[in-house]
Amino acid sequence: MIRFVGVIRIVIFSTGGAGLAKRSPKQSHSAPLGAGRKFHQRPDDAYCARFRAHIIKHGTPVTFPGLAWTKPDPDDPPKPLTDFATPETLRKRVPKSPCPICSPHSPKYYEGKLCWSAGDKRVRAIGHECGHDFYDGDTYADEVREFEEKAAEDAARGYLQDAISKLPEHVILARWSMRDFDALFAAREDLVATVTKRASQELLRALDAQGRLSVEIETGARDGQGRRVAMRQSVTSRVSVAGLKVRAKARNELTELALLVGGAVVLRRHAHPLWRDDVSQAEAVAAMDREQVVALERLCRTFEDTRNCVDQEVADLRALLSATNLTELSRWGTHLHCPTPFWISHGPSGVTAGKGPHTGSAGRRIRNLPYS
Ligand SMILES: [Zn+2]
């Protein structure tokens, strides 16, 4: 009796032990390739969220329970559920995933799509470039396109839900930005024309690594080949010159965008067809189809980007034309060694400037300066 039990124990230990190791879920990433479980319904968003959380934490779909790693039927093109990618920070530690279609036994990809097949009711994680040639005809390509367009639509609706309520205010702010830009830009143009375009180009070249303006001063010495030796000397404190490079391009784009966005969204009480019924903006967006909502999102994003760009340019122009900055620019322009002399001065009648050395001549008054 005792001997018999002992034999049984030995049998369990030697064969059952090895078998258990293969089936144990903890070991599954070394030999995972199971048939998975059946999903009679298309898995929902909560399932996809759990899957993505798993990928963010573990970096691989291989250890996510229930997935099928068997080769699918080419007549059964699946529906993509979610994109996923191994986080960059995990890629050194986590091996690539096998692809049930093209590479079921060896690592293949870091980016894939989680898919549900209506035919065999399985969920598979397949490589993101995979499947187009495997499934018959264009069926899978159509599913992927539908998935991506739906994702773009969802993203657009999510963006607009928040952005649409701020748009009226932002269009008004854009109009103020354009007004500021126009005044400052005209003053900048007037200043550049007065001190000469060449002087403003030389000025940009005279910038040192610390953002100060420098001049070249000959030392009187000559080098071994008889060339004159010159040294650069910084003659101002830090200056703002980004405003010299501003062009009117973004401002002109903003005009058009503000008209488009304003026409579509803000001026709804002005009988624009989109808003003729004066429904709430959120309702109007909800009523738009996929194409319209994606187009409006793109328009709004471009509008916001351009608005930010113009705001930055306004700030650059303002910094360029500030009284303290103009004083520093003039310090450079009136320096004995400035290659393109000019002067800028503040007086009771505003800011005046002139080219050449400051000889006491009247110069020109710079118009449109915010403080003149
Ligand atoms: Zn593949």
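The values are calculated or read from the model by the stated rules, or taken from the named source; none is laboratory data. Since the model is a prediction, treat every value here as computed from it, not as a measurement. Ideal geometry is used to build each Cβ from the backbone, glycine not excepted, and the neighbour counts take in all protein chains shown.
For segment 119-131, the candidate set comprises residues that are near the ligand (Cβ under 10 Å from one of its atoms) and surrounded by fewer than 19 Cβ atoms within 10 Å (Cβ to Cβ); within that set, the residue that is farthest from Lys96 (Cα to Cα) is Glu129.
The set of residues in segment 95-113 that are assigned to a strand (DSSP E or B) and within 10 Å of the ligand (Cβ to nearest atom) comprises Ser97, Pro98, Cys99, Ser103, Pro104, Lys108, Tyr109, Gly112.
Test Asp83 against the criterion of being closer than 25 Å to Thr63 by Cβ and either assigned to a helix (DSSP H, G or I) or under 23 Å from the mean Cα position of the chain (by Cα) (or both), and give yes or no.
Values: closer than 25 Å to Thr63 by Cβ: yes; either assigned to a helix (DSSP H, G or I) or under 23 Å from the mean Cα position of the chain (by Cα) (or both): yes.
Criteria met by Asp83.
Being at pLDDT below 95 and more than 30 Å from Glu153 (Cβ to Cβ): is that true of Val351 here? Spelling it out, Val351 is indeed at pLDDT below 95 and more than 30 Å from Glu153 (Cβ to Cβ).
Only one of the numbered conditions (1) surrounded by 15 or more Cβ atoms within 10 Å (Cβ to Cβ); (2) in the same structural domain as Thr86 (by TED's automatic domain parsing); (3) within 16 Å of the ligand (Cβ to nearest atom) is violated by Trp116, and that is (3).
From the list Gly127, Gly131, Gly158, which one is in the same structural domain as His40 (by TED's automatic domain parsing) and out of contact with any helix residue (DSSP H, G or I) (no Cβ under 6 Å at 6 or more places or on another chain)?
Working: Gly131 fails: out of contact with any helix residue (DSSP H, G or I) (no Cβ under 6 Å at 6 or more places or on another chain); Gly158 fails: in the same structural domain as His40 (by TED's automatic domain parsing).
None of the other options fit; the residue is Gly127.
If you scan segment 133-153, which residues turn out to be surrounded by fewer than 13 Cβ atoms within 10 Å (Cβ to Cβ) and either within 15 Å of the ligand (Cβ to nearest atom) or not acidic (Asp, Glu) (or both)? Residues satisfying the conditions are Asp133, Gly137, Arg145, Lys150.
Output the number of the condition that Ala85 fails; it satisfies all remaining conditions of (1) near the ligand (Cβ under 9 Å from one of its atoms); (2) more than 15 Å from Pro72 (Cα to Cα). Status for Ala85: all satisfied but (1).
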